[in-house]
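Notes for the one structure printed next.
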Amino acid sequence: MSLPEFQVASPHTLPEAVAFLRDHASTRILAGGTDLVPSMGQKLFEPEHVLDIRRIPELKGIRETGQGIEIGALTTLAEIAADKTVQLLYPTLAAAAGDAASPQIRNVATLGGNLCQRPRCWYFRSGHGLLAQTSDGKSMVLQGDNRYHAILGNDEPAYFVSPSTVAPILIAYGAKVQLFGPKGAREVSAEKFFVIPKTAQEREHDLRPDEIVTGIVLPGKRAPDLRTGRYEVRQKEAFDWPYATAAVALNMNGSTVQSARIVMGHVAPIPWVSVEAAQVLTGKAVTQATADQAAQAAVAKAKSLGHNAQKIHLARVAVRRAILAAAGGAA
């Protein structure tokens, strides 16, 4: 694998990084490089410049603030999984980070990169564009092999699935994504950070021109009896992309669910929040029956593209098992 020729810039501050992005249109951001470098080797991206942000100190580390727990965008998945504060306060996030990919990748891959990585859709990765359309506007996904593509949010034109392994649990926990751009810092809820593009010129993230993800913040105050769980369905135990995932957060009052957040991953162009499944659980105790009903509600609007009907069943299984896992333990 050979890389195209490019120049590297290594700023030491966020304003320097944003100014470079403003002045150099053909630029890609390098964090861990586990997505960017292979993509450049495959000639998917051929930027004139690579912006190496690894020398910006405020993008690293895990710290407690008045808002809650902040995790810098350059913090690796391995560091998140091993952090004692994350393990204590947000154990399901620690588990999600610790299950991603392989140990080698977790030691390099960053939180910001995991959130901003591009889709794994093989049409996109083969150079056919984010929406994978023919010259006359028809979808290659609908005409071809779509066994791993979206079963929700797939009304057109986007059929890829969001690949982030930590986004569903971050959304379930109520995290916010921190960004920095020409107009300064801003925050957006993790749920709203992901968007479904309607044209080939749009991106799948709410990133404004010349903006950089700087980290995430998890709420410092949690419900007194918050229970969370997650479940992944994948072919191999490790180093594999899931067919479907689910992350669940339950605010409990004794044995009764006061409120719920149920988020599915790898089933839609965005992490998919199921309001319908949450409504089924609210006001009830978690039992095998109510978990089954909620799981069925989660995929009630799912539809196959022709070759991926099995994902509907797998998503239902992931939701049911994540709900039961959450009900079985605290935090």
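The values are calculated or read from the model by the stated rules, or taken from the named source; none is laboratory data. If you're wondering where the values come from, they're calculated on a predicted model, not measured in any experiment. FYI the Cβ positions are ideal-geometry reconstructions off the backbone, even for glycines, and counts take in every protein chain you see. Surface areas here come from the heavy atoms of the whole protein model, side chains and all, with no ligands, DNA or RNA. Shrake-Rupley method; radii C 1.70, N 1.55, O 1.52, S 1.80 Å.
Here the chain is treated as an ellipsoid with the same Cα gyration tensor; its semi-axes, largest first and in whole Å, are 32, 26, 16.
Taking all Cα-Cα distances within region 72-114, those exceeding 11 Å account for 57%.
Identify the chymotrypsin sites (Phe, Trp or Tyr not before Pro) of region 201-264 meeting these criteria: DSSP loop state and at most 14 other C-beta atoms within 10 Å of the C-beta. Answer by residue number: Phe239. Applying 0.36 nm per residue to the separation of Arg208 and Phe239 and subtracting their alpha-carbon distance, the gain on full extension is 8.0 nm. Give me the percent of the accessible area of the chain that comes from carbon and sulfur atoms, probe 1.4 Å, all protein chains in place. Here carbon and sulfur together make up 51 percent of the probe-accessible area.
Out of every Cα-Cα pair that region 21-174 contains, those further apart than 27 angstrom amount to 35 percent.
For region 209-270, the Kirkwood hydrodynamic radius from C-alpha pairs, put into Stokes-Einstein at 10 °C and a viscosity of 1.306 mPa s, yields a diffusion coefficient of 110 µm² per second. Suppose all protein chains stay in the model; what accessible area per residue would a 1.4 Å probe give for region 189-316, in Å²? For region 189-316, the per-residue accessible area is 47 Å².
Under 19 Å of direct C-alpha separation, and excluding same-chain neighbours fewer than eight residues apart, Lys236 reaches these aspartates and glutamates: Asp99.
Summary of packing: across the peptides 5-15, 189-199, 130-140, 174-184, the per-residue average of other C-beta atoms within 10 Å ranks them, highest first, as 174-184, 189-199, 130-140, 5-15.
Here the simple spin-label model places points 7 Å from the Cα toward Cβ, and for Lys192 and Thr282 these points are separated by 1.9 nm. Placing +1 on each Lys and Arg Cβ and -1 on each Asp and Glu Cβ, with no other charges, gives the chain a dipole about its Cα centre of roughly 760 debye. Over all other residues within a Cβ to Cβ distance under 14 Å of Asn114, the charged ones net out to -1, with Lys and Arg as +1 and Asp and Glu as -1.
The Cα atoms of region 264-331 give a gyration tensor whose axes a ≥ b ≥ c have a/c of 1.5 or more with a/b greater than b/c, which makes the shape prolate. Approximating the spin labels as points 7 Å out from Cα along Cα→Cβ, the Leu3-to-Asp23 distance works out to 2.2 nm.
In plain terms, if you count all Cα to Cα distances in region 1-93 and split them into 10 Å steps from zero, the share in each step is 15, 37, 29, 17, 2 percent. In order along region 159-173, the Karplus-derived 3J(HN,Hα) couplings, from 6.51 cos²θ - 1.76 cosθ + 1.60 at θ = phi - 60°, round to 10, 5, 10, 5, x, 5, 8, 9, 4, x, 6, 4, 5, 4, 6 Hz, and Gly and Pro are given as x. Accessible area per residue, 1.4 Å probe, Å², for region 9-80: what's the number? With all protein chains present, region 9-80 gives 45 Å² per residue.
What is the diffusion coefficient of region 132-271 in µm²/s, taking the Kirkwood radius over Cα pairs and the Stokes-Einstein relation at 37 °C with a viscosity of 0.692 mPa s? The estimated diffusion coefficient comes to 194 µm²/s. Shown is the FRET efficiency for Val108 and Val275, computed with R0 = 45 Å from the Cβ-Cβ distance and rounded to the nearest 0.05: 0.80.
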